[in-house]
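Visitor: Once you've had a glance at the structure underneath, I'll fire off some questions.
The values are calculated or read from the model by the stated rules, or taken from the named source; none is laboratory data. Just so it is clear, the model here is predicted, and its values are computed rather than measured. Heads up, the Cβs are rebuilt from the backbone with ideal geometry, glycines too, and the neighbour counts pull from every protein chain shown.
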Amino acid sequence: MLHYRHIPKAKATAIADTPELKRIAENTKIQSNVKYHEDFEKAKGKFTQVADDPETLRIKQNTKIISNVAYHGDLEKKAQMEKQRGAAEISDIKGEY
């Protein structure tokens with residue numbers, strides 16, 4: 001038979017938002033921001049940019065082309081041309097018989 005120890009659960013308690021606690025919270029936020037910017041400035045020149053590989057460059061170029069085609073409405077024009085070409089091919093096949 002197993003015996004479990006009774007472990008009291010931690011309960012949240014409400015703390016009054018005093019001016020002193022507000023000041024401490026604000027100072028903590030400012031210090032954190034200062035430390036972040038200090039670290040950023042120290043590390044700014046230490047990183048090297050990774051060159052884009054050919055696959056990534058190809059995907060970027062394709063994305064740009066697709067975006068331009070969609071923006072200028074060429075997709076609808078292409079669909080209409082394909083529809084006309086299909087109708088022309090069907091009429092050519094019927095004319096051969």
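Visitor: If residue 14 passes every condition in (1) surrounded by fewer than 10 Cβ atoms within 10 Å (Cβ to Cβ); (2) at pLDDT 75 or above but one, which one does it miss?
Guide: (2)
Visitor: Across the stretch 67-97, what is the total count of residues that are at pLDDT 85 or above and under 22 Å from the mean Cα position of the chain (by Cα)?
Guide: 1
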